[in-house]
Amino acid sequence: MEKEKITTKIWFEEEEPDNPFAAKTSYCSGYDVYGDLLGKVSWSEYMYLLFKLEKPQPWQSTLLETIAIAIANPGPRDLSVRAAMNGGVGGSTAASCLMAALAPGAGKNGGAREVYQVMRLWQQCQFDLPMWQQKLSNYEDEEAVEVWPTSEHSPGFDPYGASCATPVLQTLDHLTTIHPDGALAYLSTNRQALEQAADSPLGMTGVIAAAFTDLGFTDEQAEMLYLLLRLPGAAVHSIEQKKLGWRKYPFFGQGLTLTNDPHPLNSKQPTRNTP
Amino acid sequence: MKGPSTLEHAEDNWQTDIGAAFVGERVVYRGKDLFTELNDISWFKHFIFGITNKMFADNEIKLMEKIWSLTMSYPDPRIWNNRIAALTASANSTGALAVSASTACSEANVYGTKAGFLAIDFIKRALIVVDNNKDLAKFVLDELKENRSIPGFGRPVANSDERIIPLFNEAKKLGLANGPHTKLTFEIEKILYESRYKLRMNAAGINSALIADLGFTTREQYYGIIIAFSSGILPCFIDAANHKEGTFFPLPCGRLNYKGQRNRNW
């Protein structure tokens, strides 16, 4: 009976003559990774190759690298980074800190699922402004029944923003200079009309989804890349807080109000920074 | 624009009725004192109370336990979520990472949490159809044509589902096998099996109907089964951890069936 195999278009290996479980050569979409690519290609070129199975144009690898820098660290107030730091302060394993970052970082509020949703909107609306305005002014999830919670805002826009945040604008402007003819350029031109329809300023997820659209990534590829490329910030902040320890990390000791405490008068409130 | 006022109001201000730990003193759990009001109930009843804010009767809790123990999770490391745990052990990694990753992956389309979520939604919609005196067979077959599947019916890998009869017998013993969703799910199976699609009910179908008859909402049922897979996941981790590292179904290079580009130079 023929042995079951893993079918792949991405990876091929030739075995070492003395060990069938060790690869002598590894090919990524036909390129010898250790014999040819190493030392020749940049990280962003290799990422592009892995996802698209083709060599990128120079503008494509530059755009991908710039995206990677823009979103590498959402900062320690971001929900995903905060989750990772909770792992760090408690002394959790490294993997659990990154897994912690992935859970909120996956969400429809500023996370990878929001990028997925905007990718879907690009597929549906393309450069049709009335369609964009209609979808954004009354955004509805594509699936009525799904494990994801119902969306609470138009994807790609910041539901709590007062105006488009400076880093979002700087990222949009810079990415548009790299690729001035496509979704990013369209977003730059029509930003205010779209913000009006969404009743919120443009968010980072909206910018990055436009950039991934220009790179020709699928919605699923964009979702994965957004998860992946935001992990560096989670990693370094969790390590930093691990070293600093839980005493220097907010516990929100006075921040919680229990609205149905059966014995409120008998209680001392928990003190700040005491778990 | 709505602006940041919602966040300003929420800063250091989390209003909740779920509970709190008054460390060194007491714990409040959904408005009850954990040590004096919830000290005498089983872990499972406690867990379901945490999800639903309802205290279910003992026979209802027993039925939920049976659903978990008989239908949700087998210690077979070939099943995809369990296999993650076995691979994690074979890589000499930790049990918590294995269980977390395996549990997260149990939220799958072809089995697991998503399948259960869709199944309870379907059976609830089907009961509304019947209650409104509409044509059940048309509803079922239209749903099948539109989505090319019916949640709670049909199964990858096998045609029949060995879990249904043992669970249904337990439900009968507990006096909980005659609810409207449960009766309906067998009617739907008859429609689907007699159609050209020849689909049988699967465990998600019977589980969802029984749970719906206990009064669970779709979301509550989803929350309830998220960690139900752990009884298969952990034994698979432990088994692989007790084997020599790296020996869980190792793959030589020849086990890749490459379909991509020919060799080329950058």
Scan region B:110-121 and report the pairs whose first residue is at the interface with another protein chain (Cβ under 10 Å from one of its Cβ atoms) and whose second residue is at pLDDT below 85, with Cβ atoms within less than 6 Å and a gap of 6+ or a chain change. B:121/A:145
I need every pair where a residue in region A:163-176 that is farther than 12 Å from residue A:204 by Cα and part of a loop (DSSP other than H, G, I, E, B) has its Cβ under 9 Å from the Cβ of a residue that is acidic (Asp, Glu) and modelled with pLDDT of 95 or more, sequence separation at least 6 or different chains. A:163/A:195
Take the residues in region A:38-66 that are among the hydroxyl-bearing types (Ser, Thr, Tyr) and within 12 Å of chain B (Cβ to nearest Cβ); name whichever of them is farthest from residue A:228 (Cα to Cα). A:42
Does residue A:173 satisfy the condition of being on the phi > 0 side of the Ramachandran plot and among the charged types (D, E, K, R)? no
Being surrounded by 14 or more Cβ atoms within 10 Å (Cβ to Cβ) and more than 16 Å from the chain's Cα centre (by Cα) narrows A:113, A:191, A:82, A:120 down to just A:191
Within region B:99-116, which residues are assigned to a helix (DSSP H, G or I) and among the hydroxyl-bearing types (Ser, Thr, Tyr)? B:100, B:102, B:103, B:113
Against the definition (within 14 Å of chain B (Cβ to nearest Cβ), closer than 30 Å to residue A:160 by Cα and among the small types (Gly, Ala, Ser)), how does residue A:83 come out, yes or no? yes
Given the criterion within 13 Å of chain A (Cβ to nearest Cβ) and surrounded by 18 or more Cβ atoms within 10 Å (Cβ to Cβ), identify the matching residue among B:67, B:84, B:61, B:79. B:84
Residue B:246: passes all of (1) assigned to a loop (DSSP other than H, G, I, E, B); (2) under 30 Å from residue A:149 (Cα atoms); (3) of a type in the set (Gly, Ala, Ser) but (2)
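Every residue, every condition in (1) outside any strand (DSSP E or B); (2) farther than 12 Å from residue B:252 by Cβ, yes or no:
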residue	(1), (2)
A:4	yes, yes
A:20	no, no
A:25	no, yes
A:39	yes, yes
Determine whether residue B:119 is of a type in the set (A, V, I, L, M, F, W, C) and in a helix (DSSP H, G or I). yes
When residue B:199 is run through (1) surrounded by 15 or more Cβ atoms within 10 Å (Cβ to Cβ); (2) within 14 Å of chain A (Cβ to nearest Cβ); (3) outside any helix (DSSP H, G or I), the failure sits at (2)
Quick check on this structure: which one of B:96, B:126 is buried (at least 17 other Cβ atoms within 10 Å of the Cβ) and in a helix (DSSP H, G or I)? B:126
Could you grab the pairs with beta carbons closer than 7 Å, sequence gap of 6+ or different chains, first residue in region A:180-196 and in a loop (DSSP other than H, G, I, E, B), second one of a type outside the set (S, T, N, Q) and modelled with pLDDT of 95 or more? A:182/A:214
Can you confirm whether region A:55-72 contains a residue that is within 30 Å of residue B:256 (Cα to Cα) and among the aromatic types (Phe, Trp, Tyr)? no
Residues being in contact (Cβ under 8 Å) with a residue 60 or more places away in the chain and on the phi > 0 side of the Ramachandran plot: count how many of those fall in region B:148-205. 1
In region A:10-52, residues that are within 25 Å of the chain's Cα centre (by Cα) and loosely packed, with under 15 Cβ neighbours inside 10 Å total 3
How about region B:213-266: which of its residues are within 14 Å of chain A (Cβ to nearest Cβ), among the aliphatic types (A, V, I, L, M) and buried (at least 19 other Cβ atoms within 10 Å of the Cβ)? B:225
In region A:27-37, residue farthest from the other protein chains (Cβ to nearest Cβ) [restricted to those that are in contact with a Ser or Thr (Cβ under 7 Å, 6 or more places away or on another chain) and not in a strand (DSSP E or B)]: A:34
Apart from one, (1) buried (at least 18 other Cβ atoms within 10 Å of the Cβ); (2) farther than 15 Å from residue B:72 by Cβ all hold for residue B:149; the odd one out is (1)
Applying the selection to region B:15-36, what residues are closer than 24 Å to residue B:59 by Cα and in contact with a Pro (Cβ under 8 Å, 6 or more places away or on another chain)? B:32
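The values are calculated or read from the model by the stated rules, or taken from the named source; none is laboratory data. Predicted model, so just to flag it, every value in this text is computed and none were measured. With ideal geometry, Cβ positions are generated from the backbone for all residues, glycine too; neighbour counts draw on all protein chains shown.
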